[in-house]
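Single-structure report; data block below.
Read-outs: derived from the displayed coordinates by stated rules, not from any lab. Bear in mind that the values here come from a model prediction, so they are computed numbers and not experimental data. Don't worry about glycine lacking a Cβ; one is built from the backbone with ideal geometry, like all the others, and counts go over all protein chains shown.
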């Protein structure tokens, strides 16, 4: 693993709740606004509806890769996903 990546991921893990919860909120709001059920997203992503519920209610903090998978399963537009990822990356110190 690249040392820069490892350092970034370490910083991310230390602040995962702070960084991921806004992403989850935005994802959940988009999913509900577009009338896509947790069942549909979970099925498409290969996850259980229980896990989806735990994520959306803040009981589980998924890794960024999982959030991207959920966004893909819910067909969240790429621009929205990029904005969400940028908001996370903007809060991290690089280098």
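Observations on the structure shown:
- In plain terms, the chain from residue 43 to residue 91 could stretch by 14.1 nm, reckoned as 0.36 nm per residue minus the Cα-Cα distance.
- Its residue count N fixes a reference of 2.2 N^0.38 Å for region 12-64, and the Cα radius of gyration divided by that reference is 1.12.
- With R₀ fixed at 25 Å, the C-beta to C-beta distance from residue 15 to residue 53 puts the FRET efficiency at about 0.55.
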